[in-house]
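Read through the structure below, which is laid out as structure tokens, and then see the notes.
The values are calculated or read from the model by the stated rules, or taken from the named source; none is laboratory data. Quantities reported herein were computed from a predicted structural model and do not represent experimental measurements. For neighbour counting, all protein chains shown are included, and Cβ atoms are generated from backbone atoms with ideal geometry for every residue, glycine included. Side chains are part of the model used for accessible areas, which takes the heavy atoms of the whole protein and leaves out ligands, DNA and RNA. Shrake-Rupley method; radii C 1.70, N 1.55, O 1.52, S 1.80 Å.
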Amino acid sequence: MVAPLAVGGQHIRQYHQNGDPPRILITGGLGQLGTGLAHLLRGKYGKESVILSDIVKPSKEIVQAGPYVFADILDFKCLQEIVVTYRIDWLVHFSALLSAIGEQNVPLAIRVNIEGLHNIMELSKQYNLRVFVPSTIGAFGPTSPRNPTPNLTIQRPQTIYGVSKVHAELLGEYYHHRFGLDFRCLRFPGVISSDTQPGGGTTDYAVQIFHDAMAGNHFECYLRPNTRLPMMYIEDCLRSLWEMLVAPPEKLRTRTYNVTAMSFTPEEVVAEVKKHFPELKVTYRPDSRQKIADTWPEVFDDSEARKDWGWAHDYDLSDLCNIMFDNLKNQQAGNR
Ligand SMILES: NC(=O)c1ccc[n+]([C@@H]2O[C@H](COP(=O)([O-])OP(=O)(O)OC[C@H]3O[C@@H](n4cnc5c(N)ncnc54)[C@H](O)[C@@H]3O)[C@@H](O)[C@H]2O)c1
């Protein structure tokens, strides 16, 4: 008997194969989002059902938490072997070079973000996997409406990261229509977490400020004080991912959705952080990331996700500050 799940206020049946929980592979799993997602999915489907992978040497804690394997997404045979050996049903494809890092090494970003994605699509088609690929606010550009940015609109990004994500959205939707691939995609805003480090994106400042405030450091922001960008706390981000993963297909009117929780500028987050740390010293020195941010959405319209499968965020800016400082204080106490 499969237990009904409450998703977006609706009771749905969980996807199972032969009554077993799905077996899930996460690529690029040792970045900002992967370990949190593995933790969430292991809580739902069991420790052994979630295989975390990356090309990075894992810590002892990672290995103790559940299965971890080496997987280079540029190596198709290596991916095939993992899918077969672990009898994978669902794939969450996190491996990528993010916006700022991608601009520093365009050929590598093309290989990882585009060639790697081709392997993931073919693999998922060959083994009939449900596949989730995250996209981003960076999939929009200066000609997109920026406030708000709707689900379906002009997408002419000006970073290799954005170009590769538009390619992923289009190819995934093509494989869905052409081959029936169960492709699912969410466009995430900047994700803010306390226990994992961001991987070189344009929204990283919104994580750094909490660490600097806690450490009593001076915070230097690489964006102008009035640069508005959409953001999300990691718990909301990972829950939206899981809800999209288990959403009944008949609820998905499209395969790519915007999701978000809030939008703020550096000066707004500074004001909120100063309620906790009034003495925080802040300066602004815009760098190349400002140019990227200037082409991205300011406010993200995720009404389609809210309407179709019941997306609802939990954390706004003030909740975000409270939980970030609680988490960082707990981490500090644990390290003593
Ligand atoms: N973090 C955010 O704010 C955010 C926002 C929007 C979308 N996303 C998307 O979510 C996904 C995960 O983001 P993240 O922040 O965890 O990224 P991250 O940069 O922190 O981690 C990416 C991981 O990919 C791995 N990787 C690189 N080359 C690889 C290869 N050849 N084979 C296998 N793995 C490889 C890296 O080792 C790294 O651990 C990405 O696709 C990103 O585009 C993230």
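Things worth noting here:
- Approximating the spin labels as points 7 Å out from Cα along Cα→Cβ, the THR143-to-THR283 distance works out to 4.0 nm.
- In the chain, the longest principal axis of the Cα atoms and the axis of helix 266-276 are about 80 degrees apart.
- Taking Cα centre as origin and charging only the Cβ of basic (Lys, Arg, +1) and acidic (Asp, Glu, -1) residues, the dipole magnitude of the chain rounds to 380 debye.
- The loop-placed GluC sites (Glu not before Pro) in segment 273-336, going by DSSP, that have at most 10 neighbouring Cβ atoms within 10 Å of their Cβ come out as GLU279.
- Cβ-Cβ FRET estimate between ARG111 and ARG87, R0 fixed at 45 Å, reported to 0.05: 0.95
- When the trypsin sites (Lys or Arg not before Pro) in segment 161-258 are filtered for DSSP coil states and for at most 11 other beta-carbon atoms within 10 Å of their beta-carbon, the remaining sites are ARG253.
- Under 5 Å from the amide H of VAL50 lie the amide H atoms of ILE24, each residue being 5 or more positions distant or on a separate chain, with H modelled from the backbone and absent for Pro and chain starts.
- Against the chain, whose longest principal axis comes from its Cα atoms, helix 34-45 is set at around 50 degrees.
- Share of pairwise Cα separations in segment 96-335, more than 26 Å, in percent: 39
- Fraction of accessible area attributable to carbon and sulfur, the chain (%, probe 1.4 Å): 51
- Label point distance in nm, LEU152-LYS60, each placed 7 Å from Cα along Cα→Cβ: 5.4
- Distance from the alpha carbon centroid of segment 107-138 to that of segment 184-233 works out to 25 angstrom.
- For the listed residue pairs LYS77/LYS125; LYS60/LYS329; LYS57/LYS125; LYS57/LYS291; LYS77/LYS251; LYS47/LYS329, the alpha carbons are over 26 angstrom apart in LYS57/LYS125; LYS57/LYS291; LYS77/LYS251; LYS47/LYS329.
- Contact order normalised by residue count of the chain, Cα under 8 Å, 6+ apart, percent: 18
- Residues with amide H under 5 Å from that of ARG156, placed H, sequence gap 5 or more: GLY141, THR143, SER144
- Estimated purely from DSSP H runs of n ≥ 4, each contributing -39500 (n - 2.57), the mean residue ellipticity at 222 nm for the chain is -12000 deg cm²/dmol once divided by its residues.
- Within a straight-line Cα-Cα reach of under 16 Å, LYS165 can be paired with the following aspartates and glutamates, leaving aside sequence neighbours fewer than 8 residues apart in one chain: GLU103, GLU115, GLU173.
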